[in-house]
1. Sequence-distant or interchain residues sharing an amide H contact under 5 Å with LEU253, placed H: which?
2. Among the listed pairs LYS126/LYS303; LYS126/LYS162; LYS191/LYS294; LYS126/LYS316; LYS148/LYS316, give every one whose C-alpha distance is greater than 30 Å.
3. With a 1.4 Å probe and all protein chains kept in place, how much accessible area does TRP98 have, in Å² rounded to the nearest 10?
4. Ignoring everything but the protein chains, give the 1.4 Å probe accessible area of ASP134 in square angstrom, nearest 10.
5. Distance in nm between label sites at ALA190 and ASP39, each 7 Å beyond Cα in the beta-carbon direction?
6. Compute the FRET efficiency between ASP106 and ARG46 as 1/(1 + (r/R0)^6), taking r as their Cβ-Cβ distance and R0 = 45 Å, and round to the nearest 0.05.
7. When the chain is fully extended, how far beyond the present Cα-Cα distance does ALA87 get from ALA326, taking 0.36 nm per residue of separation?
8. Between LEU246 and THR76, 0.36 nm times their residue separation minus their Cα-Cα distance comes to what?
Amino acid sequence: MPKPSSSKNPVDLRVDALDTIAAVLPLERRDELAELLTDQDVETLRHLVNEGMGENTLRALTSDLAYLQAWSLAATGTSLPWPAPEAMLLKFVAHHLWDPAKRAADPHHGMPADVDSSLRDQGFLKTVGPHAPDTVRRRLATWSTLTKWRGMTGNFSSPALKSAVRLAARAAPRQRSRKSAKAVTGDVLAKMLATCASGSLRDLRDRAILMVAFASGGRRRSEIAGLRVEQLSVEPPITVPDGPPLPSLAIHLGRTKTSGADHDEVVYLTGRPVEALNAWLEAAKIDSAVVFRKVDRWGNVSKRALEPSAVNAVVKQRAALAGLEAREFSAHGLRSGYLTEAANRGIPLPEAMEQSRHRSVQQASGYYNNATRRSGKAARML
């Protein structure tokens, strides 16, 4: 009598492999990705986890890899070739950067209808019209990075590809938009915080999320969602004139998106944000593990951390409750809002960057300069 087979099919094995790295690389669509990615794709991701690559970078790489594989299957009927021939890289550019005016006269210009339909049905394609040039460049960079991690050399530096991207970007102009249409500046934040005044657990949590995320330099939503009690350390109170000392906390961020593997980034909270955080921790009876957790409709606090998307939902919900247009705000608005508010209050850019932990002066000054230019003398010549 033959023994029943205990072997799993390749898709099940890839699901198991993705599960083993889920703690470091949260994946909401593991089953779908297991069918889409190849064994070598999954092995490459697991190798990057073992190399200590940052979680945000891994999420971005996985998202881009999944899109590239879905596009390749839709456009060619096969998985991505490694390394990719130059012709395929040029096809990718042609499918994503195109001229809307030319498309109106020639329906074959740009991404073919069947490819568009396939990606849209799978939930990979949501944009209408040509992609943003920066998105195309990022996905090409991801493709190049993964090619190098596989020990191969690609054609990503070829003059033909660079020229194609440059010319296509000119032909498909798109207004550059920020991750959050509007910055959550001090006045906006005050309106959001006013909606958290009931003293309920949910209000205490959301108040702490908004204040901590903003005051700590505009922390990324993944950093807020993953914040742990063990990352907090009490600092000596800050003495201020004409008032009682202010409570102070240090947040040890560890490795971040822009720091090295062995560098522990630290930011500080002082005064009201510390009080808001302590009020939440005390009310929720949290003394270890994750700081910000789900609260159900009956006021029960979960042991599980919030998803990064939940931080975004908190910002939008509080904006709506404050009578603001929710779609104009996102969690990233706290980050841009911190730097914008710093400029409004005359805080020097280097000092603001010490708290926001921006490494690029050019990127940080983009938010900072917009505020100072708008209110500066150069804009008030008449």
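The values are calculated or read from the model by the stated rules, or taken from the named source; none is laboratory data. This one's a predicted model, so the numbers in the text were calculated from it and none came from an experiment. We place every Cβ from the backbone using ideal geometry, glycine too, and count neighbours over all the protein chains shown. Calculation scope for accessible area: heavy atoms of the full protein, side chains included, ligands and nucleic acids excluded. Shrake-Rupley method; radii C 1.70, N 1.55, O 1.52, S 1.80 Å.
1. Here GLU265, VAL266, VAL267 satisfy the definition.
2. Where the Cα-Cα span goes over 30 Å, the pairs concerned are LYS126/LYS303; LYS148/LYS316.
3. Per-residue accessible area (TRP98): approximately 30 Å².
4. For ASP134, the solvent-accessible surface is approximately 90 Å².
5. 6.3 nm
6. Values: r = 44 Å, r/R0 = 0.97.
Between ASP106 and ARG46 the formula returns 0.55.
7. Working: separation 239, 0.36 × 239 = 86.04 nm, distance 4.29 nm.
Gain on extension, ALA87 to ALA326, equals 81.8 nm.
8. Details: separation 170, 0.36 × 170 = 61.20 nm, distance 6.22 nm.
This chain segment gains 55.0 nm when fully extended.
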